[in-house]
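A.B. asks: Handing you this structure, nothing more for now.
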Amino acid sequence: MLRAVISSRLASSLDKNNYQLILVGTQLHKSFGSKLNIVTETRTAKIQMSRDEPIPSQPLSVTIGLIGPGLIGSALLRQIAKQAGKLLGPLHASKIAVVGLANSRQMLLRPEGVEFDSWEVDLAEKGEPLDLDLFASTITSAAIAASATPSSDPTAPGPACAVLVDCTASDAVSSAYPAFMKRGLHIVTPNKKFGAGPLAQYRELREFSERRRRRFMYEATVGAGLPIISTLHGLLETGDRVVRIEGILSGTLSYIFNTYKPGMRFSDVVAGAKARGYTEPDPRDDLSGLDVARKVVILARECGLEVELEDMAVDSLVPEPLRGTGVSVEEYMKRLPQHDESMASKAAEAAASGGVIRYVGCVDVEAGSAGVTLRTYPDSHPFAQLSGSDNMVVFTTERYHDRPLIVRGPGAGAEVTAAGVFVDLLQVIRSHPRA
Ligand SMILES: NC(=O)c1ccc[n+]([C@@H]2O[C@H](COP(=O)([O-])OP(=O)(O)OC[C@H]3O[C@@H](n4cnc5c(N)ncnc54)[C@H](OP(=O)(O)O)[C@@H]3O)[C@@H](O)[C@H]2O)c1
């Protein structure tokens, strides 16, 4: 029987359905020009393959370096451990291995792949001091070592794909992305710091990534595992014109405003959210609007607006006298009730006009502006129907005009966020140049 390389999608689909591939016909040349009979014990099917279809490449060797195995990073490791073996066929990969792990102090470098069962102990006990440069070079050299010169032998090792996954919230790590990418690494991250960082750096990385065919993927920075950025890409790439994007982009602020009703004390709702662990240890980190503003910057830039975080209009929900490090968290919580009146009057005014107040990020593409504001929405608006801590993003476009396109769901949580990062990782592997 003749052995042939077939496209990974076809291979996996045949494999899944227990088909056996037998090639009949003339010649296996630079392309599959012949008719293939796919024969199983019980069934026969015929597939005509195009004369133009190139010989698929050798399987890809994928090496991953993960920085920040915290809540999201460790969930991602569990998901990779469970899925990697199953994905080799569909991704036409010979290996998917996490070859480096690093936290803020230590790193574990294992070119052959870390042990998924014992990485925590290994990192703590056998880790070496963190050196981002050495970390990145090990991921790329492990990738190069796993690859080989292209060969006509389909069983020979194929090209390699090296990916840096940043699951920290660190500026120090995100500011190294350009250096990582220059080493040949793709970047995948839920960390907002680079996407919402200085525009010039962001543009430079984007241009470099296009020129060198390396990806910078950050779906999980907005709406965690929800398909927000990919939905926006789909709209733009298919020629839709985005008019406006409005979003409830913080689970904490979603919970606070879904709970808060006229007659309640705003400070009680904030204290309740803190007690349930829905806020950051310092609730001002949520209520300042900075985290939402970073997400809005990311969305605005994806729409082509040249915005800087510092220039954006952001309504902070932290009363002026309670801002700054001079006021401790305890003092902030104690003095917050003194400021309940201002929020109460806004909520009462909204209710009198048949509406609710919601804290939203908005990208007005037509006006070329972006911001974060407390706004009144009518009771009939989808934002008014939201419950719990869900995120919701409303895309108003030329096509989705009278009835906007809405994406809604949990905008935080380890498993969903890690899955959002994982989807990006799979996209990177699928699109990695194979020639
Ligand atoms: N949690 C969510 O639901 C959610 C949702 C969407 C997006 N995100 C984003 O996902 C990222 C991770 O969030 P998380 O909740 O997993 O955070 P986390 O549990 O605090 O984990 C952070 C990890 O990053 C490491 N780290 C911090 N600074 C570092 C540095 N300078 N160098 C190397 N490692 C460093 C920490 O190491 P140490 O243990 O040594 O400090 C830890 O392993 C953040 O950017 C966050 O905004 C989170």
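No lab work stands behind these numbers, since they all come straight from the coordinates. On a predicted model such as this, the values are computed, not experimentally measured, just so you know. Glycine gets a Cβ as well: all are built from the backbone with ideal geometry, and neighbour counts include every protein chain shown.
A.B. asks: Order these by the 10 Å Cβ neighbour count, fewest first: Phe194, Phe422, Phe208.
C.D. replies: Ranking Phe194, Phe422, Phe208 by Cβ neighbours within 10 Å, fewest first, gives Phe208, Phe422, Phe194.
A.B. asks: Tally Lys/Arg at +1 and Asp/Glu at -1 over every other residue whose Cβ is under 15 Å from the Cβ of Gly197; what's the total?
C.D. replies: -2
A.B. asks: Applying the Karplus parametrisation 6.51 cos²θ - 1.76 cosθ + 1.60 with θ = phi - 60° to the phi angles of the stretch 306-317, what ³J(HN,Hα) value in whole Hz is obtained for each residue in order, glycine and proline being reported as x?
C.D. replies: 9, 10, 10, 3, 5, 8, 7, 6, 10, 7, 6, 9
A.B. asks: Note down the net charge around Asp240, summing +1 for each Lys or Arg and -1 for each Asp or Glu among other residues with Cβ under 10 Å from its Cβ.
C.D. replies: 0
A.B. asks: What are the trypsin sites (Lys or Arg not before Pro) within the stretch 315-381 that DSSP puts in a loop, where the Cβ has at most 16 other Cβ atoms within 10 Å?
C.D. replies: Arg323
A.B. asks: Could you run the Karplus curve 6.51 cos²θ - 1.76 cosθ + 1.60 with θ = phi - 60° over the stretch 362-377 and give me ³J(HN,Hα) per residue in whole Hz, x for Gly and Pro?
C.D. replies: 9, 10, 9, 5, 4, 7, x, 10, 8, x, 10, 9, 8, 10, 9, 10
A.B. asks: Compactness ratio of the stretch 191-286: Cα Rg over 2.2 N^0.38 Å, N = residue count?
C.D. replies: That works out to 1.45 for the stretch 191-286.
A.B. asks: With all pairs of different alpha carbon atoms counted, what Kirkwood hydrodynamic radius in Å does the stretch 396-435 show?
C.D. replies: 13.0
A.B. asks: As a quick test, which of the pairs Lys82/Lys126; Lys295/Lys346; Lys261/Lys295; Lys82/Lys192; Lys193/Lys261; Lys82/Lys295 have an alpha carbon distance above 32 angstrom in this structure?
C.D. replies: Lys193/Lys261
A.B. asks: Write down the Å³ per residue value for the convex hull defined by the alpha carbon atoms of the stretch 85-228.
C.D. replies: Spelled out: Cα convex hull of the stretch 85-228, divided by residues, is 138 Å³.
A.B. asks: Quick check: Cα centre of the stretch 68-108 to Cα centre of the stretch 245-260, how many Å?
C.D. replies: Rounded to whole Å, the Cα centres lie 32 Å apart.
A.B. asks: Can you tally the net charge around Pro262? Count Lys and Arg as +1, Asp and Glu as -1, for every other residue whose Cβ sits under 15 Å from the Cβ of Pro262.
C.D. replies: -1
A.B. asks: If you don't mind, there's one more thing I want to ask. Starting from the exponent 0.38 and prefactor 2.2 Å, build the expected Rg for the stretch 229-410 from its residue count and divide its actual Cα Rg by it.
C.D. replies: Against the empirical 2.2 N^0.38 Å value, I get 1.05 for the stretch 229-410.
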